[in-house]
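Below is one structure; the comments refer to it alone.
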Amino acid sequence: MIAGRPGLILFFVGTLLVPSSPASAQSPALQTTPVEPLVEAAWLLEHIDDDDVVVLHMERRSGRFEAERIAGARRLRFDEIAWEGEEGWIAEFRERDEIVAALRRAGVGRDSRVVIYGASMTATARAWVTFDLLGLGDRAFVLDGGMTAWKAVGGVVESGPAAVVEQGDVVPVDPVDFRVSAEWIHARLGDESLVLLDARPDDEYTGEDGGLGDGGGPGHIPGAAQLYWEELMDPANNTRFRPREEIASILERHGAGAGKTHVVYCMIGMRASVDYMAARMTGLDVYFYDGSWRDWGDRVDLPAELGRDPRDEGGLPVPR
């Protein structure tokens, strides 16, 4: 984790900063240098009063911030950094300027280090991916174990209205747009070097859920491996990642590895954020399909596949 590093900012996550336009069929930039995006609660307990430590609590459900939070945390609402769509459940990156403004309102500065925590690991991971998209992945950290870990080390919690905070001056630093589009993926289907990682559970991946009704058909992208995000988490606490060596083994078992190109996706890009973090931790070449199945499954011009992971039993092509 980051023992011995100077202070950081605590962040109860939401989503991530984003370049202003989605990735096209042209190849985006890859993130390949391994990162250490996790921080232990014991470290935070020791450094939480450092001048450059700011606690941000990302709230997706109204009222949770007032009910309980890490003492001194600032609120960041999910809808400030993620566009949720007309239906209220599509989660895509907002424009870069919108996200930067939200982070500044929460007090994030140019020299801040950010620790992200929250009740939802998928939202927390999504927030970290946002920082990575802005070129700030080396300054943002997820509180491994979340509130459970914080309380276990004797961390102070509080409730009530938020205090007024001084606005920050954070700016992107050499942002890298690692998003890809459906067209980019479709053009590469069948390429043995492409590894698609689907972070959804069995019923969504196999198509047993029947799809999204009028919002999209059932199944998964042909050839995608099913890496359900909770497989990467501690079975006793799904806000804590498994040990690094276990994560590397899980990724390898799903076809990931050096020299391959990886793309993560899920339904709306939330759960895929956990898979993305795992890939970044282990130094894999990884892209992010922000539209995910909510985009792919809604289109009749794109192929889909039913059934279990094709590495196990093979999938059944779906007529479109």
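The values are calculated or read from the model by the stated rules, or taken from the named source; none is laboratory data. These numbers come from a predicted model, not from an experiment. So basically every Cβ, Gly included, is an ideal-geometry build from the backbone, and we count neighbours across all protein chains shown. Side chains included, ligands, DNA and RNA excluded: accessible areas come from the protein's heavy atoms. Shrake-Rupley method; radii C 1.70, N 1.55, O 1.52, S 1.80 Å.
Remarks
- Taking the criterion of being open to solvent by 10 Å² or more (accessible area, probe 1.4 Å) and over 19 Å from the mean Cα position of the chain (by Cα), the residues of the stretch 217-234 that qualify are G217, P218, P222, G223.
- Strands (runs of 3 or more DSSP E) contained in the stretch 46-117 and holding at least 3 residues more than 18 Å from the chain's Cα centre (by Cα): 53-59, 73-77
- Test: residue in the stretch 223-240 that is closer than 17 Å to V129 by Cβ, modelled with pLDDT of 95 or more, assigned to a loop (DSSP other than H, G, I, E, B) and small (G, A, S): no
- Answer from L56, L143 - the residue that is buried (at least 20 other Cβ atoms within 10 Å of the Cβ), closer than 22 Å to F241 by Cα and modelled with pLDDT under 90: L56
- Check on E204, in contact with a Cys (Cβ under 9 Å, 6 or more places away or on another chain) and open to solvent by 20 Å² or more (accessible area, probe 1.4 Å): yes
- Within the stretch 248-279, the set of residues being surrounded by fewer than 24 Cβ atoms within 10 Å (Cβ to Cβ) and among the charged types (D, E, K, R) comprises E252, R253, K260.
- Any hit, the stretch 251-264, residues being modelled with pLDDT under 95, under 19 Å from the mean Cα position of the chain (by Cα) and among the aliphatic types (A, V, I, L, M): no
- Of all residue pairs spaced 6 or more apart or on separate chains, those with beta-carbon atoms under 6 Å, a first member in the stretch 74-96 that is within 20 Å of F288 (Cβ to Cβ) and modelled with pLDDT of 85 or more and a second member that is surrounded by fewer than 24 Cβ atoms within 10 Å (Cβ to Cβ) and polar (S, T, N, Q) are E95/S20; R96/S20.
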